[in-house]
Amino acid sequence: MRSTRSPATTRASTGPSWRSLTSWGCGLRWPPTTPPAADEPSDFRLLYPDSATLREKIERIATAIYGADGVDYDALASQQLDRYEANGFGNLPVCIAKTHLSMSSDPKLKGAPTGWRLPVREVRASVGAGFVYPICGDMQTMPGLGSDPAAFHIDIDDDGEIVGLS
């Protein structure tokens with residue numbers, strides 16, 4: 001099969017070289033340190049294989065990235081994980097929803113605490129977006145807007161009074 005990419009944008013099995021990006025005609029300008037860094041060898045590897053179970057993926061992220069001693073699943077979360085696996089979504093990547101205020105799931109534990117376990121209370125799948133996300137601790141997700149948000153009905157009348165708040 002013949003490649004449709006030009007030789008200037010092809011680099012043997014690793015994708016385009018940083019030098020070829022300027023030939024794409026998009027006006028891309030790299031900072032001076034980027035080109036040398038982009039050419040350095042890398043030992044990048046994924047944290048877990050796609051073939052790992054959802055629980056294995058969650059536990060790998062919790063222990064390797066956040067420093068947890070392990071993961072505890074509520075009954076609901078366990079049922080949801082089993083259902084996602086049974087329905088063929090076990091190959092999806094995992095994105096953990098937890099507080100941004102700590103490496104743990106407890107916002108009061110600052111820095112990089114030790115001796116804690118990641119509590120998973122619920123697991124949701126964004127199948128269209130292509131990932132599964134466990135919800136940990138007291139983490140809340142933002143609700144989506146309805147089809148007719150109340151903000152559309154707020155206004156200021158001719159007398160300068162705000163209307164539409166009640």
Problem set entry | Placed amide H near PHE131: partners under 5 Å, 5+ positions off or other chain | SER126
Exercise. Contour minus end-to-end for LEU101 and ASP159, with contour as 0.36 nm per residue of separation and end-to-end as the Cα-Cα distance?
Worked result: 16.4 nm
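Indicate, rounded to the nearest 5 percent, the antiparallel portion of the DSSP beta bridges found entirely in segment 54-136.
On the way: 6 of 11 bridges.
The answer is about 55 percent antiparallel.
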Problem set entry | segment 54-136 - charge dipole about Cα centre, Lys and Arg +1 at Cβ, Asp and Glu -1, debye rounded to 20 | 240
Exercise. If the cut-off is 21 Å between C-alpha atoms, which lysines fall inside it for LYS57, apart from same-chain ones fewer than 8 positions away?
Worked result: LYS98
Exercise. What ³J(HN,Hα) values, in whole Hz, does the Karplus curve 6.51 cos²θ - 1.76 cosθ + 1.60 give for segment 117-129 when θ = phi - 60°, with x put for Gly and Pro?
Worked result: 10, 7, x, 9, 9, 7, 9, 10, 10, 9, 5, x, 7
For this session: Starting from segment 108-166, pick out the chymotrypsin sites (Phe, Trp or Tyr not before Pro) whose DSSP state is loop and whose Cβ has at most 14 other Cβ atoms within 10 Å.
Result: none
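Add +1 for every Lys or Arg and -1 for every Asp or Glu among the other residues with Cβ under 12 Å from the Cβ of VAL123, and state the total.
On the way: positive: ARG55, LYS57, ARG83, ARG121, ARG124; negative: ASP74, ASP82, GLU85, GLU122.
Within the 12 Å Cβ shell, the charges total +1.
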Problem set entry | Amide hydrogen neighbours beyond the local backbone of MET103, cut-off 5 Å, H modeled | GLY111
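Provide ASP158, ASP106, ASP148, ASP72 in ascending order of the number of other Cβ atoms located within 10 Å of each residue's Cβ, fewest first.
Values: ASP158 5, ASP106 17, ASP148 8, ASP72 14.
Going from least to most buried by this count: ASP158, ASP148, ASP72, ASP106.
Between beta-carbons, use under 12 Å as the cut-off and find the net charge around ALA77, counting Lys and Arg +1, Asp and Glu -1.
On the way: positive: ARG55, ARG83, ARG121, ARG124; negative: ASP72, ASP74, ASP82, GLU122.
With Lys, Arg at +1 and Asp, Glu at -1, the neighbours total 0.
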For this session: Quick one: give the max-minus-min coordinate of the C-alpha atoms of segment 42-166 along each principal axis, largest first, in Å.
Result: 65, 39, 37
Seminar exercise, completed: If amide H atoms are modeled at 1.01 Å from N in the peptide plane, then the residues at a separation of 5 or more from VAL71, or on another chain, having amide H under 5 Å from its own are LEU118
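Among CYS136, CYS95, which comes first, then next, by fewest other beta-carbon atoms within 10 Å? Present the calculation step by step, with values, prior to reporting the outcome.
Working: CYS136 26, CYS95 12.
With the fewest neighbours first, CYS136, CYS95 line up as CYS95, CYS136.
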For this session: In nm, give the distance between the simple-model label positions of THR114 and GLU40, each being 7 Å from the Cα along the Cα-to-Cβ direction.
Result: 2.9
Problem set entry | Average Cα contact separation per residue, segment 54-136, under 8 Å, 6 or more apart, as relative contact order % | 35
For this session: Report the FRET efficiency, 1/(1 + (r/R0)^6), for ASN87 and ASP148, where r is their Cβ-Cβ distance and R0 is 41 Å, rounded to 0.05.
Result: 0.80
Problem set entry | Least to most buried among HIS153, HIS100 (fewest other Cβ within 10 Å first) | HIS100, HIS153
For this session: With θ set to phi - 60°, apply the Karplus curve 6.51 cos²θ - 1.76 cosθ + 1.60 along segment 42-48 and write out the HN-Hα couplings as whole Hz, x wherever there is a Gly or Pro.
Result: 10, 10, 4, 8, 5, 5, 8
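Only the coordinates and a few stated rules stand behind these numbers; no lab work does. Since the model is a prediction, treat every value here as computed from it, not as a measurement. FYI the Cβ positions are ideal-geometry reconstructions off the backbone, even for glycines, and counts take in every protein chain you see.
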